[in-house]
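Take a look at the structure set out below.
The values are calculated or read from the model by the stated rules, or taken from the named source; none is laboratory data. These figures come from a predicted structure and were not determined experimentally. Counting neighbours? That spans all protein chains shown, and the Cβs are built from the backbone with ideal geometry, glycine included. What goes into the accessible areas is simple: the full protein's heavy atoms, side chains included, and nothing from ligands, DNA or RNA. Shrake-Rupley method; radii C 1.70, N 1.55, O 1.52, S 1.80 Å.
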Amino acid sequence: MERTVLPGVDRRYIRHPSCLPISVALPNSVVRPEECLRNVSEGGVCFATGSQLEVGLPIRLRIPVFAEHFEVEGKVAWCRPAGRGYEVGVAFDQRQDRFAVRMVEQFCYIEDYRARVEREEGRTMTSEQAAGEWIKRFADQFPALH
């Protein structure tokens with residue numbers, strides 16, 4: 001497993017201590033708002049949901065990042081029981097979708113950084129301020145998209 005010096009983060013994916021809300025659209029226009037993004041990797045994401053989803057099912061995710069929303073399409077790669085619901089892995093085939101997810105991954109690093117600074121240093125920052133600091137300190141260590 002590849003590692004970087006980014007603080008407290010496993011390079012293959014990011015686990016979120018709290019839920020990042022996302023919207024999930026399934027075939028036939030079924031939309032499930034406010035599912036919980038659990039982790040992000042270069043090729044896909046994992047989210048928590050109350051319903052079991054079929055492997056191979058096409059899916060569209062809408063993920064909020066600052067004032068924007070990224071929409072990506074993929075397929076359910078796996079679904080397993082977790083607590084009272086399920087965790088669902090979604091794989092992305094299109095390079096532009098992997099890039100969008102990569103942006104979300106950076107956002108998650110920035111939000112984790114913002115929360116850590118507030119907890120450890122007592123400094124409160126906006127997401128934009130945290131992004132500026134994180135970019136200066138860590139952007140050159142962020143692995144390239146393959």
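Only one of the numbered conditions (1) open to solvent by less than 30 Å² (accessible area, probe 1.4 Å); (2) touching a helix residue (DSSP H, G or I) at 6+ places or on another chain (Cβ under 6 Å) is violated by residue 123, and that is (1). Total residues in region 40-63 satisfying the condition of being under 10 Å from the mean Cα position of the chain (by Cα) and modelled with pLDDT of 75 or more: the figure is 5.
Can you say whether residue 46 is farther than 30 Å from residue 141 by Cα, of a type outside the set (A, V, I, L, M) and free of Cβ contacts under 8 Å to residues at least 60 places away in the same chain, as far as the supplied structure shows? When the stated conditions are applied, residue 46 does not pass them.
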